[in-house]
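Peer 1: Take this structure, written in C-alpha cells, and hold onto it; I'll ask about it next.
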Amino acid sequence: MASQEVKEGYKLTDVGVIPEDWEVTLLDQVAKRGSGHTPDQAHPEYWNGNIKWISLKDSDRLDALYISDTVAKISKAGLENSAAKIHPQGTVVLSRDAGVGKSAIMTDNMAVSQHFIAWVCSKYLNNHFLYYWLQKEKSEFERIAIGNTIKTIGLPYFQSLKIPLPPLEEQEKIAQVLSDFDSAIAHLDKLISKKRNIKQGTMQQLLTGKKRLPGFSGKLQERKLGDLVEVVMGQSPDSKTYNTEEKGVPLIQGNADINNRKTVKRVWTTQATKLCNQGDVIMTVRAPIGAIGIASYDSCLGRGACLFKAKNINKLYLFYLMTFKEDIWETIGQGSTFTAVNSNDIVNFNLSVPNYLAEQKAIAQVLSDMDAEIEALEKKRDKYQAMKQGMMQELLTGKTRLK
C-alpha cells in the first residue's frame, strides 16, 4: 500500500494529514466528558419539573447548531435521585445511541439521558469548533456504531477519541465561517416555511371558493371526480419482472415511489401492464391512501396507484385540488389489514370546482408560481448546505487555512 502523500507544511498523524502547527490530542485532555441518566419513571414527582433534559425524543432538535429546549423536563427530585447531572450552557452534546452522531450546543443549563455524551470545553478548545468537527465525523460515528435493535457506541471509544487541535484563534475563525453558513441556511429555512404557510392559506382560500380571483364569480359546481377525469387503476406486473438494473420501465407501486410530489425511479419492470405518461396526475390507492404526485416519466402503474386523465378540468388545477383533498381519503378507505379504495370510491368522490377552465387555469398558475418561488429558495438552501459541507472538509482538516 502506497504511503499517503504529505505536502510541505503538513504532517501525517493519527487523525490524518494536518498542518504542522496543529496538534493532535485526546478529546478528554481538552474537554471534560460527562453523560447522564434517566430518572425512575415510576416516580411522577421526578418529572415535569423545570430542568431541561435532552433525550432521544429530542433527535429532531439536534444537528441545528444549538438546542434551546427539550421535549421532557425533570424535577429537582428527579435530578437528586438519579445519576443525572446538570451540564452548563455551552456544553456540546452528542447522541451515541439511536440517531448516532447527532450533536448540538446547549444554550442553557441542561441535563441529558444516558444516551448522550456531553463535553465541557476547556480554554484550549472552542465549543463551536468541536461541534463542527463532530458534525464532520458523523458518518464515521454511524459506521462504527454496533447493535441489532439499537445502534450504539461504547464509552471506551470516546475515552480514546483523538481530535486535531488548531491554534485557538484559528478554531474561532473556522467556527465563525461555518456558523455564518448555518445562519444563512436557518434564514432560508424560515423563509421557506413562511412561503409554504402562505401557499397553504392561499390554497384554502382559492380551492374552496372563499376567495375568487379578479374577473371570476358565481358558485362553485359540485361534480363527481369521474365526470372530470378518466380514472385508470394500476395493475401490478409479475414480480419476476421486477429489477433494479433499469430494464424496462420504472414501476410506480405506491407512496414509496413518490417524493416531493414527483415520482422517483426505484424499481423497474419488463412487463408494462398499465402505463402512465410523463405529467399524469397519480394517486395512491392502498395504505397510505390519497398521496398525490405527478409522473416524472413514462412508467408502469402498479395496483397501489391510479392515474387521472383530465377531461373536463385543467390538469394542473386538478393536481392542486387533489393535493388539498389528500387527508379525506383516509376516512373513505376500507380494510382490516390495510386500508384501500376502489375505482367506485374514486369516480364518486365529490369535488367543488369553478365552472370555467379559465378560472381553474388562473388558480393553478397562482399556486404554480408559489411553488416555483419555494423551489428556488430550496435550491439556494441546498447550495449553501453543499458549500458548508465542502468548507467543513477543507477547514477542519487544515487543507484551507484562514488568515
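Peer 1: Along each principal axis of its Cα atoms, how long is the stretch 336-378 end to end? Whole angstroms, biggest number first, please.
Peer 2: Cα spread of the stretch 336-378 along its principal axes, largest to smallest: 42, 33, 12 Å.
Peer 1: Stretched out fully, how many nm does the piece from Ser68 to Lys399 gain, at 0.36 nm a residue minus the Cα gap?
Peer 2: Taking 0.36 nm per residue and subtracting the Cα distance, the gain is 115.9 nm.
Peer 1: For Lys123, go through the lysines and keep the ones whose alpha-carbon is under 19 Å away, minus same-chain ones fewer than eight residues off.
Peer 2: Answer for Lys123, where 19 Å is the Cα cut-off: Lys32, Lys162, Lys173, listed by chain and number.
Peer 1: Something else now. Relative to the longest principal Cα axis of the chain, at what angle does helix 127-136 sit, 0 to 90 degrees, rounded to 10?
Peer 2: 60 degrees
Peer 1: With the Cα gyration tensor of the stretch 6-57 in hand, convert its eigenvalues to equivalent ellipsoid semi-axes via √(5λ) and list them largest first in whole Å.
Peer 2: Three semi-axes, in Å: 45, 10, 9.
Peer 1: Taking a ≥ b ≥ c as the square roots of the Cα gyration tensor eigenvalues, with a/c under 1.5 meaning rounded and otherwise prolate when a/b beats b/c, else oblate, which class fits the stretch 141-185?
Peer 2: It is oblate, given that a/c is not under 1.5 and a/b is not larger than b/c.
Peer 1: I've got another one for you. Please rank Trp329, Trp119, fewest neighbouring Cβ atoms within 10 Å first, as an exposure proxy.
Peer 2: By the 10 Å Cβ count, ascending, the order reads Trp329, Trp119.
Peer 1: Same structure, new question: Round to the nearest 10 and give me the degree value, 0 to 90, for the angle of helix 357-395's Cα axis relative to the longest principal axis of the chain.
Peer 2: Result, in degrees: 20.
Peer 1: Using only DSSP helix segments of four residues or longer, with each worth -39500 (n - 2.57), what per-residue ellipticity at 222 nm results for the chain after dividing by its residue count and rounding to 500?
Peer 2: After summing the helix terms and dividing by residue count, I get -10000 deg cm²/dmol.
Peer 1: Here's another thing I want to ask about it. Just order 189-198, 318-327, 276-285, 160-169 by mean Cβ neighbour count inside 10 Å, highest at the front, would you?
Peer 2: Ranking the peptides 189-198, 318-327, 276-285, 160-169 by packing returns 276-285, 318-327, 160-169, 189-198.
Peer 1: Among Ala364, Thr331, Val341, whose Cα projects farthest towards the positive end of the dipole of the stretch 313-403, with charges put on the beta-carbon of Lys, Arg (+1) and Asp, Glu (-1)?
Peer 2: So the residue we want is Ala364.
Peer 1: Hey, another quick one. For the stretch 21-129, give the magnitude of the charge dipole about the Cα centre (Cβ charges: +1 Lys/Arg, -1 Asp/Glu; no others), in debye to the nearest 20.
Peer 2: For this selection, approximately 140 debye.
Peer 1: Identify the trypsin sites (Lys or Arg not before Pro) of the stretch 1-75 meeting these criteria: DSSP loop state and at most 12 other C-beta atoms within 10 Å of the C-beta.
Peer 2: Passing both the DSSP loop test and the Cβ count: Lys7.
Peer 1: Which log10 I(q)/I(0) values does the chain give at q = 0.10, 0.13, 0.14 Å⁻¹ under the Debye formula, counting every alpha carbon as one identical point scatterer?
Peer 2: Log10 of I(q)/I(0), two decimals: -0.92, -1.10, -1.15.
Peer 1: Please turn the phi angles of the stretch 340-352 into ³J(HN,Hα) values with the Karplus equation 6.51 cos²θ - 1.76 cosθ + 1.60 (θ = phi - 60°), one per residue in order, whole Hz, x for glycine and proline.
Peer 2: The phi angles translate into 7, 10, 10, 4, 5, 4, 6, 5, 9, 5, 8, 9, 10 Hz.
Peer 1: Taking Cα centroids, how far is the stretch 171-196 from the stretch 231-294 in Å?
Peer 2: After rounding, the separation between the Cα centres reads 37 Å.
Peer 1: Say each of Ala358 and Lys379 gets a label point 7 Å from the Cα, pointing the same way as Cα to Cβ; how far apart are those two points in nm?
Peer 2: Computed distance between label sites Ala358 and Lys379 equals 3.2 nm.
Peer 1: Now for a different question. Using a ≥ b ≥ c from the Cα gyration tensor of the stretch 221-352 (square roots of the eigenvalues), is it rounded, prolate or oblate, where a/c under 1.5 gives rounded and otherwise the larger of a/b and b/c decides, a/b for prolate?
Peer 2: Here the stretch 221-352 falls in the prolate category.
Peer 1: Right, something else. Could you tell me how far the Cα centroid of the stretch 299-357 sits from the Cα centroid of the stretch 129-160, in Å?
Peer 2: After rounding, the separation between the Cα centres reads 45 Å.
Peer 1: Find which of Tyr46, Leu251, Gly290 sits farthest along the positive direction of the dipole of the chain, computed with +1 on the beta-carbon of Lys and Arg, -1 on that of Asp and Glu, about the Cα centre.
Peer 2: Gly290
Peer 1: With the cut-off at 25 Å, report for the stretch 10-165 the share of all Cα pairs above it, as a whole percent.
Peer 2: 30 percent
Quick note: the coordinates plus some simple rules give every number you see, no bench work behind them. Just so you know, these numbers come straight off a predicted model, no measurement behind them. In this analysis, Cβ positions are derived from the backbone assuming ideal geometry, glycine residues included, and neighbour counts consider all displayed protein chains.
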